[in-house]
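Just below is one structure, and these are the notes that go with it.
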Amino acid sequence: MKKIESFQVNHLNLKRGLYVSRKDTVGSEYLTTFDIRMKEPNNTPVMNTAEIHTIEHLAATFLRNHSIYDEKTVYFGPMGCRTGFYVIFKGDLKSEDILGIMREMFEFIAAYEGEVPGSDAKSCGNYLDMNLPMAKYESKLYLNEILNNIKEENLYYQD
């Protein structure tokens with residue numbers, strides 16, 4: 001069986017960062033999948049499902065309501081390993097191209113107050129598994145330690 005691209009990344013050397021995971025074409029449209037790596041794989045504790053779930057709700061809501069990225073966003077969701085997220089945008093993009101929107105998004109999450117969008121039984125299949133304080137903490141940490149001080153090693157996969 002063919003090993004998928006994300007399993008071919010050397011997770012022993014993978015740092016927190018913002019990486020192009022893959023590029024695909026659908027018809028004449030390019031789609032770029034980004035690896036939003038918030039935790040260092042196999043080296044730092046992973047996030048719990050409650051904060052991941054909360055970040056997912058807030059990030060997806062933010063992107064779908066953004067004046068530019070609402071039309072560019074195809075998908076935002078968590079990695080099964082709980083070390084980060086994937087976001088898919090329309091376009092043939094590089095990590096540097098989305099630094100601005102990622103900073104905006106994580107600033108939004110880090111400062112968010114109020115009820116998490118979609119956190120009710122009618123809107124979500126697991127609405128009780130939310131943790132806004134930890135989602136804010138993890139978002140602020142990633143924003144301050146990675147996105148606001150981004151280095152080349154945090155933008156391109158290393159072997």
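Things worth noting here:
- Qualifying aspartates and glutamates (Cα of each under 13 Å from Cα of Lys72; at least 8 residues distant if same chain): Glu29, Asp92, Asp97
- Virtual spin-label span in nm between Ser123 and Asn42, 7 Å along Cα→Cβ: 3.9
- Here the Kirkwood formula puts the hydrodynamic radius of the chain at 16.1 Å, using every distinct Cα pair.
- Dmax and Rg, reported as Rg then Dmax, of the stretch 91-159 (C-alpha, Å): 15.2, 45
- Members of Lys90/Lys122; Lys3/Lys90; Lys39/Lys151; Lys3/Lys23; Lys3/Lys140 lying beyond 27 Å, as alpha-carbon distances in this model show: Lys90/Lys122; Lys3/Lys140
- Across the stretch 7-61, Cα-Cα distances exceeding 12 Å account for 74% of all pairs.
- If only the Cβ of Lys and Arg carry +1 and only the Cβ of Asp and Glu carry -1, the dipole of the chain around its Cα centre is close to 360 debye.
- Selection among Phe106, Met38, Ser119 by position relative to the dipole of the chain gives Met38 as farthest towards the positive end (Cβ unit charges, Cα centre).
- Partner aspartates and glutamates for Lys15 [C-alpha distance under 18 Å; skip if fewer than 8 residues away on the same chain]: Glu5, Asp35, Glu40, Glu96, Glu138, Glu145, Glu152, Glu153, Asp159
- Mean shadow area of the stretch 56-99 over all directions, Cα convex hull, nm²: 3.4
- For the stretch 37-115, the fraction of C-alpha pairs farther apart than 14 angstrom is 64 percent.
- Here's the picture: charge each Lys and Arg Cβ at +1 and each Asp and Glu Cβ at -1 in the chain, and of Thr61, Gln8, Ser21 the one pushed furthest to the positive end of that dipole is Gln8.
None of the figures in this text is laboratory data; all of them are computed from the coordinates on show. These numbers were taken from a predicted model, which means no experiment stands behind them. Backbone-built Cβ (ideal geometry, glycine too); neighbour counts: all protein chains shown.
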